[in-house]
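Peer 1: One structure coming up, written as structure tokens, with questions to follow.
The values are calculated or read from the model by the stated rules, or taken from the named source; none is laboratory data. Only a predicted model underlies this, so the values are computations on that prediction, with no experimental measurement involved. Virtual Cβ from ideal backbone geometry, glycine too; neighbours counted across all protein chains shown. For the accessible areas, the whole protein counts, side chains as well, though only heavy atoms, and no ligand, DNA or RNA atoms are used. Shrake-Rupley method; radii C 1.70, N 1.55, O 1.52, S 1.80 Å.
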Amino acid sequence: MKLQQLRYIWEVARHDLNVSATAEWLYTSQPGVSKQIRMLEDELGVQIFLRSGKQLTTITPAGEAIITLAGKILGEVDNIKRIAREFSDQKRGSLSIATTHTQARYVLPPVIKAFAAKYPEVSLHMHQGSPLQIAELASKHNVDFAIATEALELFDNLIMLPCYRWNRSIIVPADHPLCREPVLTLEAVAAYPLVTYVFGFTGRSQLDDAFRTRGLSPRVVFTATDADVIKTYVRLGMGVGIVASLAYEPAQDEGLVALDASHLFGWSVTKIGFSRNTLLRGYMYEFIRDFAPHLTRELVEQAAATDDKEALEELLRGIELPDY
């Protein structure tokens, strides 16, 4: 059994059983991948994949268990490499982050700038996607950190640490009738068509819950994953915008007004997550601390060493989160 064979079956499973796509991803040949998988199956005496002709069609029950273990083994191999790098050069390496547009556009720029100044020889890679895609990337060791508000809790092997609280603003043109409301209410907001986030993005679930609790069914006429897109369509008169308050910039959003809606919606918490068996290098602890100063190296190490979910919640319960 070779590590190369384990990587092949892991990547084939990750590429929806497409051997051609796997070979291209690994910069090797399709026949070579197929041959190594066959050799591994022969050695183990079980089929990992079922086939129709030359095409892989499904993963066998034995294959599911083997591929899961292969992923863990490959993760530990990566950790061994990280340890070697950690002791050979603690200021050189790479850092990959998966996050949403809101985090990448409005929150992370000063953090990334400061980190890059401290660690100029660490290459930074940012991946944007839906919260579910982001969490899955971290769960499968394809990125070091996932930063999001939604979906991280869906993956049991992720350690999630709270970073900050945030709430929402109603975005309207400066002459909109809502600007003249003495007290902004959900009923007043629901009277207008809404432009907001796609479900599953940036705390959208809490927004929907707030309206549902009041028995309101607002008319959502346009959704997007990007706050800048939402504001563009508010300017076009499509409706009233609801975005994260941190996504409103008075200097950049000329002609639009942000009405505080923190009394209308529950607070959301943005978290940073990483796979439980990830080896964090020194500069990774620094990045976490730069992003969320209350997450000290000691606290992160304690969290990473805590296997029990309730014990982890107890460890994090006393943290006072900043409001963004």
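Peer 1: How would you order 10-17, 74-81, 192-199 from highest to lowest mean count of nearby Cβ atoms within 10 Å?
Peer 2: Listed from highest to lowest mean packing, they are 192-199, 10-17, 74-81.
Peer 1: Moving on to the next point. Using a 1.4 Å probe on the protein chains only, how many percent of the accessible area of the chain belongs to carbon and sulfur? If you can, show how the numbers build up before the last one.
Peer 2: Values: 8580 of 16310 Å².
Carbon-and-sulfur percentage of accessible area, whole number: 53.
Peer 1: Quick one: what do you get for segment 258-324 if you divide its Cα Rg by 2.2 N^0.38 Å?
Peer 2: Values: Rg = 14.4 Å, N = 67, 2.2 N^0.38 = 10.9 Å.
In units of the globular-protein estimate, segment 258-324 measures up at 1.33.
Peer 1: Right, something else. How large are Rg and Dmax for the chain when only the alpha carbon atoms are used, in Å?
Peer 2: 23.3, 75
Peer 1: Per residue, how large is the accessible surface of segment 1-128? Use a 1.4 angstrom probe and give square angstrom.
Peer 2: Numbers: 7380 Å² over 128 residues.
Per residue, segment 1-128 has an accessible area of 58 Å².
Peer 1: Among the lysines, which have Cα under 29 Å from the Cα of Lys72 when same-chain residues fewer than 8 positions away are ignored?
Peer 2: Lys2, Lys35, Lys54, Lys81, Lys91, Lys140, Lys271, Lys309
Peer 1: I'd like the distance separating the alpha-carbon centroids of segment 235-291 and segment 1-77, in whole Å.
Peer 2: 39
Peer 1: May I ask you to give the solvent-accessible area per residue for segment 203-324, in square angstrom, as obtained with a 1.4 angstrom probe?
Peer 2: Here the residues of segment 203-324 average 51 Å² of exposed surface.
Peer 1: Then there is this: Rounded to two decimals, what is Rg over Rh for segment 22-62 when you use alpha-carbon atoms and the Kirkwood radius? Provide the component values of the computation, followed by the final result.
Peer 2: Values: Rg = 10.7 Å, Rh = 10.9 Å.
Rg divided by Rh gives 0.98.
Peer 1: Okay, next question. Mind checking which aspartates and glutamates have their C-alpha under 18 Å from Lys231, skipping anything on the same chain fewer than 8 residues away?
Peer 2: Reachable aspartates and glutamates: Asp175, Glu249, Asp253, Glu254, Asp260.
Peer 1: Considering all alpha-carbon pairs of segment 23-159, what whole percent are spaced by more than 20 angstrom?
Peer 2: I get 63 percent for the Cα pairs in segment 23-159 exceeding 20 Å.
Peer 1: What base-10 log of the normalised intensity I(q)/I(0) is obtained for segment 205-261 from the Debye formula, alpha carbons as equal point scatterers, at q = 0.16, 0.22, 0.27 Å⁻¹?
Peer 2: Rounded to two decimals, the profile gives -0.54, -0.96, -1.27.
Peer 1: While we're here: Per DSSP H run of n ≥ 4, the term is -39500 (n - 2.57); total these for the chain, divide by its residue number, and report the mean residue ellipticity at 222 nm rounded to 500 deg cm²/dmol.
Peer 2: Here the helix-only value at 222 nm equals -12500 deg cm²/dmol.
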